[in-house]
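Novice: Once you've had a glance at the structure underneath, I'll fire off some questions.
The values are calculated or read from the model by the stated rules, or taken from the named source; none is laboratory data. Please read these numbers as outputs of a predicted model, since none were measured by experiment. Cβ coordinates were reconstructed from backbone atoms using ideal geometry, including for glycine residues, and neighbour counts include every protein chain displayed. For the accessible areas, the whole protein counts, side chains as well, though only heavy atoms, and no ligand, DNA or RNA atoms are used. Shrake-Rupley method; radii C 1.70, N 1.55, O 1.52, S 1.80 Å.
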Amino acid sequence: SRRHSTLLLVGVACLYERLQDGNRQIYAFQYSGDFCDLHRHVLPDNEVAVAGITDCSIGMIEHKDLEQLIAQYPSLGLALWRASMLEASIFRKRLLNVGRQPALQRVAHLLCEQLARREAVGLNSATIPLTQMDLADAAGLSIVHINRTFQELRRLNILSKERRAMKVVDRERLAGLASFDGNYLNMP
């Protein structure tokens with residue numbers, strides 16, 4: 001059962017929770033090589049769901065097998081602990097942005113983060129495979145507000161005018177708008 005296993009991802013997915021009103025709050029975007037729900041090892045009854053955003057392949061690792069591997073290879077335990085701390089760092093930054101940043105800077109920061117995380121796994125495209133709804137659900141904005149934000153990013157020539165793809169055409173301006181430094185991602 002999923003309650004006793006952790007998922008390893010190839011593709012793009014999100015971790016989310018449904019609210020009573022049917023809305024969705026996205027907590028994290030996950031990329032190839034990420035453990036989608038490592039928290040289940042410690043908190044098996046956690047209500048966070050995983051949904052694929054692109055075509056995904058998922059491998060399940062039983063917690064008992066994971067524990068045996070960690071016992072046999074302690075450096076694996078350290079790597080998983082670091083992965084958990086990276087997730088916590090991303091959550092803290094997201095909470096700060098959602099609670100204290102205007103929508104334009106909040107969305108710009110989220111886009112910069114996605115570009116940096118995609119590059120870390122070898123995806124160097126300026127096109128981000130998320131929808132406006134995905135970003136609205138991650139940034140705590142309505143679809144109307146996110147659409148206006150995207151119109152402004154297009155007007156500033158930061159995003160492509162093409163509406164079907166979310167393509168960043170001026171990453172430097174996007175990073176400046178977001179005050180993005182990426183140190184919290186602990187990446188080169």
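Novice: How many percent of the accessible area of the chain is carbon or sulfur, using a 1.4 Å probe?
Specialist: Numbers: 5500 of 10450 Å².
Solvent-exposed carbon and sulfur of the chain make up 53 percent of the total.
Novice: Using only the alpha-carbon atoms, how far is helix 143-155 inclined from the longest principal axis of the chain? Give it as 0 to 90 degrees, nearest 10.
Specialist: 60 degrees
Novice: Between Ala79 and Gln25, what's the calculated FRET efficiency when r is the beta-carbon distance and R0 is 30 Å? Round to 0.05.
Specialist: On the way: r = 28 Å, r/R0 = 0.94.
Efficiency at R0 = 30 Å is approximately 0.60.
Novice: Can you give the longest stretch of the chain with no exposed loop site, where a site means trypsin sites (Lys or Arg not before Pro) in a DSSP loop (not H, G, I, E or B) with at most 14 other C-beta atoms within 10 Å? All intermediate terms of the calculation are to be shown ahead of the outcome.
Specialist: Details: sites that count: Lys161, Arg163, Arg164.
No qualifying site falls inside 1-160, the longest such stretch.
Novice: For the chain, list log₁₀ I(q)/I(0) at each q in 0.10, 0.11, 0.12, 0.13 Å⁻¹, using the Debye formula over Cα point scatterers of equal strength and ignoring solvent, two decimals each.
Specialist: Per q value, in the given order, log10 I(q)/I(0) is -0.42, -0.51, -0.60, -0.70.
Novice: With every protein chain left in place and a probe of 1.4 Å, what is the accessible surface of Phe180, to the nearest 10 Å²?
Specialist: Answer for Phe180: close to 40 Å² accessible.
Novice: State, to one decimal in nm, how far the label point of Val48 lies from the label point of Ala165, with both points 7 Å from Cα in the Cβ direction.
Specialist: 3.1 nm
Novice: To continue, here is another question. When the scattering of the stretch 61-110 is computed by the Debye formula from its Cα atoms alone, each counted once and equally, what is log10 I(q)/I(0) at q = 0.26, 0.28 Å⁻¹?
Specialist: -0.90, -0.98
Novice: Another question, then. Taking only Cα atoms and a 10 Å spring cutoff, compute GNM fluctuations for the chain and point out the largest among Val144, Val168, Val12.
Specialist: Among Val144, Val168, Val12, the largest GNM mean-square fluctuation belongs to Val144.
Novice: Over the chain, average the accessible area per residue using a 1.4 Å probe and give it in Å², no decimals.
Specialist: Working: 10450 Å² over 188 residues.
Per-residue value: 56 Å².
Novice: Still on this model: Could you work out which residue, out of Phe91, Phe35, Phe150, moves most in a Gaussian network model of the chain, that is, has the largest mean-square fluctuation with Cα springs under 10 Å?
Specialist: Phe91
Novice: If you don't mind, there's one more thing I want to ask. Given a 10 angstrom Cα cut-off, can you work out which residue in Asn124, Asn97, Asn23 is the most mobile in a GNM of the chain?
Specialist: Sorting by GNM fluctuation, first place goes to Asn23.
Novice: Let me ask something additional. GluC sites (Glu not before Pro), restricted to the stretch 147-188: which are DSSP loop and have at most 13 other Cβ atoms within 10 Å? All intermediate terms of the calculation are to be shown ahead of the outcome.
Specialist: Numbers: sites: Glu152, Glu162, Glu172; in loops: Glu162.
Those satisfying the criteria are Glu162.
Novice: To continue, here is another question. Return the long-range amide H neighbours of Gln30 (sequence gap of 5 or more, or a different chain), with a cut-off of under 5 Å between placed amide H atoms.
Specialist: Ala13, Cys14, Leu15
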